Every structure is written in structure tokens, then in C-alpha cells.
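This report concerns only the one structure given below.
The values are calculated or read from the model by the stated rules, or taken from the named source; none is laboratory data. These figures come from a predicted structure and were not determined experimentally. Reconstructed Cβ throughout: ideal geometry from the backbone, glycine too, with neighbour counts over all protein chains shown.
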Amino acid sequence: MNGAAFERPLTMFVGLGFPRHVDNATDALQALDELAPLEHGPAHNVAVRACRAALLGEIEPDTARGIVEAYARARGVLVDELLAPHAMAAKDDLLGA
């Protein structure tokens, strides 16, 4: 299993607001799990179910990506594609990676 790879990755702010690069449905499930419990709810459950369905081959990975992207955008945790490299570099600088 390749983790149901996305054609295009996305980046989300998780945990304490650090950016997380999401390349596939497995990464997306982990990122969704790292969101604050206040962000959980019906829409979060739909995004989680979509990722699981992609991992089982029931839907296309990019269908799940679209659902996760819509959820992250609605919750304000989606990092714009143009800003994602800068957000990741800032995280690396801060953490000394």
C-alpha cells in the first residue's frame, strides 16, 4: 500500500500551529488526528472517512484530498500552496531541523 498518494500534496497547520506536509491519505489521517479536539465534528468525520475509503481503494486518493482540503480551508488550517514552502522552512529554522 502506497498510502493512497495524492497527485498534489497539501500543507496544513496542526498541533501548536506547525505546518505539516500531507502527501497521501495516511498523512492526512495523521494530520487530521493532530488537530485540536475543538476542530473535530461532523465535517472532520467526513474527512477521516474519506481518507480511510481512499486507503481501502473505495474512492480515488485525490477525491479524499479534495475533501480534506475543503475541510482544512473551512477550518482555517490550510496553508496556501504559494506559502507552504516558506511555512515549512520557518518550521525547520525554528526547530533546527
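Tell me which residues, restricted to the stretch 5-57, are hydroxyl-bearing (Ser, Thr, Tyr) and crowded, with 20+ Cβ neighbours inside 10 Å.
Within the stretch 5-57, the subset hydroxyl-bearing (Ser, Thr, Tyr) is 11, 26.
Across the stretch 5-57, the qualifying residue is only 11.
The residues of the stretch 13-28 that are at positive phi and without any contact (Cβ under 8 Å) to a residue 12 or more places away in the chain amount to a single one, 17. Among residues of the stretch 29-55 that are free of Cβ contacts under 8 Å to residues at least 60 places away in the same chain and within 14 Å of residue 74 (Cα to Cα), those with a Cβ under 6 angstrom from a residue that is among the small types (Gly, Ala, Ser) and in a helix (DSSP H, G or I), sequence gap 6+ or separate chain, pair up as 32/47.
Would you mind listing the helices (runs of 4 or more DSSP H) fully within the chain where at least 3 residues are modelled with pLDDT of 90 or more? Talk me through it step by step, then tell me what you get.
Details: elements: 25-34, 42-55, 61-75, 84-95.
By residue number, 25-34, 42-55, 61-75.
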